[in-house]
Amino acid sequence: MALTQISTKGIKDGTITGSDLATNVDLVDNQKLRLGNGQDLEIYHIADTANVITGSGPLTIQSDDTTSGVSIQTFTGGETMARFIKNGAVELYHDNSKRLETTIGGVNVTGELNVTTKVAYPDNAKAIFGTGDDLQISHNGSVNIINCATNATLKLQRGGSDVWELKSTGLQGIDNQKLLLGTSDDLAIYHNGTESIIEDSSDLYILGDPIQLRRPNGDKYVQCIASNAVKLFFDGNEKFATHSAGVLVSGNVYLNDNNKFIAGTSNDLSIYHDGNHSYIQDSGTGDLTLIASKTVIGNSGNNEVCATFTENDSVELYFNNNLRFETNTSATTMRGGGDHRCEGNFRPYNHNTYDLGTSGDKWDDIFATNGTIQTSDRNAKKDIATSDLGLTFINAVQPVSYKFKTGIRTHYGVIAQDLETVLDGKDFAGLTKDTETGNYGIRYTELIAPLIKAVQELSAEVAALKAS
């Protein structure tokens, strides 16, 4: 074989085999082993500093081993720093412990990954955590996604303690942990351990159509319907609703003692109970008016009538549910078999206009301490003349005894028709006749003056007889 020569220009004219070198090729510090026509690859050692492999082009290290591949190890101790395996992983080590490994699906990191700038992922690439790929973080080109792929719980911690927890049932925060919204933390939503609170430092708007507050079982508390009613509920039943004309209440309205229902701009009308009595109080201008086709005032048990007021009809007053006073078209009627008492004077509305009873409706007995007083004031009279009815008239009047057809006692008096015959058409106010019923009557007091006249005439005759 040809002899390999080593000169100042290098190794030439042949190849070096193991049989050509009986020992090592030793180069001193900074003396380079140079390979390539252009001396492109250099291998050398800098004293006490480093081992160097340099080249002007790509540096390729090849191995077909599928188990260990290409390994970079320490010179002493045999610690692995990196391995490159054909059709397999690239492994990076720290202190002979694997820390990074490429896989068919990406990269596995053992321990911490400290990044000084960022870890960049393209669209749809995922950062995956957990043995079962449990947590995945990605961006699909338009949406950022945090995916708990195995339905595991996602927790946010502070100081090692849970603060927020995303469960399959929802997002849960610990007590007093607030969800804050707004630049100045204007809106806070949280639970203080006892109560759930929505707290806002300015106006709070809830927008929706409709808006409902409900119990977990579906029963409604409040329902707000756009362009329609706001409704309030009790135990799932509607009790209060706004209306285009006001409000609608389903059920009763309760006010505690001395709390008032007040109406009017100046609190003119009040309705209340003071603990003892109930009041309807009108303290403003104008009247207190009840408007109805028929108004009924009853007792507290609603089983007795106290008074009724009927449109275009009567007013009725009751005692113990029995009618006692009634108005009608032309009169008023007092009912009941007992007494009707008047505390004070009982007088007609107009002087010398109305009668007490009629010829068809007469009083039975009238009891009085001093009888009746009839007007006899000269100032109230005209055409005053001496009575022309005297003894002759009295002698012509026929006194009789009789019994009323509806009675049993004997009465003494005068028959009106007989008196009419005696008068023979003469105007005499003592004789009355009802133009509607045709019934006659006599004012017996009108007979007093003729009786006085008769006595006077008799007295004169007696005096004349005595004188003769």
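The values are calculated or read from the model by the stated rules, or taken from the named source; none is laboratory data. Quick caveat, the model's predicted, so the values are computed rather than measured. Because the Cβ atoms are built from the backbone with ideal geometry, glycine has one as well, and the counts that use them run over all protein chains shown.
Which condition from (1) free of Cβ contacts under 8 Å to residues at least 24 places away in the same chain; (2) of a type in the set (S, T, N, Q); (3) not in a loop (DSSP other than H, G, I, E, B) is the one that Thr445 breaks?
(1) is the only condition that Thr445 fails.
So which residues in the stretch 209-223 are at negative phi and either more than 14 Å from the chain's Cα centre (by Cα) or not in a strand (DSSP E or B) (or both)?
Hits for the stretch 209-223 are Asp209, Pro210, Arg215, Pro216, Asn217, Asp219.
What is the residue count in the stretch 128-175 for residues that are small (Gly, Ala, Ser) and part of a loop (DSSP other than H, G, I, E, B)?
Residues meeting the conditions: 9.
Could you list, in sequence order, the residues of the stretch 133-148 that are loosely packed, with under 14 Cβ neighbours inside 10 Å and either at pLDDT below 90 or closer than 27 Å to Lys178 by Cα (or both)?
Residues satisfying the conditions are Asp133, Val143, Asn144, Ile145, Ile146.
Based on this model, can you work out whether Ser184 counts as under 28 Å from Phe234 (Cβ atoms), free of Cβ contacts under 8 Å to residues at least 24 places away in the same chain and loosely packed, with under 10 Cβ neighbours inside 10 Å?
No, not satisfied.
Can you pull out the residues in the stretch 346-398 that are at pLDDT 90 or above and surrounded by 10 or more Cβ atoms within 10 Å (Cβ to Cβ)?
Ser387, Asp388, Leu389, Gly390, Leu391, Thr392, Phe393, Ile394, Asn395, Ala396, Val397, Gln398 - these are the residues of the stretch 346-398 that are at pLDDT 90 or above and surrounded by 10 or more Cβ atoms within 10 Å (Cβ to Cβ).
Restricting to the stretch 140-155, count the residues that are free of Cβ contacts under 8 Å to residues at least 12 places away in the same chain, touching a strand residue (DSSP E or B) at 6+ places or on another chain (Cβ under 9 Å) and either more than 13 Å from Lys126 (Cβ to Cβ) or among the basic types (Lys, Arg) (or both).
Of the residues in that region, 1 qualify.
Scan the stretch 268-280 for residues that are outside any strand (DSSP E or B) and loosely packed, with under 12 Cβ neighbours inside 10 Å and jot them down.
Once the filter is applied, which keeps residues that are outside any strand (DSSP E or B) and loosely packed, with under 12 Cβ neighbours inside 10 Å, the stretch 268-280 yields Asp274, Gly275, Asn276, His277.
Please work out if Leu3 is surrounded by fewer than 10 Cβ atoms within 10 Å (Cβ to Cβ), at pLDDT below 75 and among the aliphatic types (A, V, I, L, M).
So Leu3 passes the test.
Among the listed residues Glu199, Glu165, identify the single one that is among the acidic types (Asp, Glu), over 14 Å from the mean Cα position of the chain (by Cα) and modelled with pLDDT under 90.
Glu165
Can you pull out every residue in the stretch 281-304 that is surrounded by 10 or more Cβ atoms within 10 Å (Cβ to Cβ) and of a type in the set (Ser, Thr, Tyr)?
Ser283, Thr295
Criterion first (assigned to a strand (DSSP E or B) and either among the acidic types (Asp, Glu) or within 30 Å of Ile280 (Cβ to Cβ) (or both)) does Ala188 satisfy it?
It is false that Ala188 is assigned to a strand (DSSP E or B) and either among the acidic types (Asp, Glu) or within 30 Å of Ile280 (Cβ to Cβ) (or both).
Of the residues Leu323, Leu288, which single one is aliphatic (A, V, I, L, M) and either in a loop (DSSP other than H, G, I, E, B) or in contact (Cβ under 8 Å) with a residue 24 or more places away in the chain (or both)?
Result of the check over Leu323, Leu288: Leu288.
In the stretch 338-388, what count of residues is obtained for those that are polar (S, T, N, Q) and within 60 Å of the chain's Cα centre (by Cα)?
2
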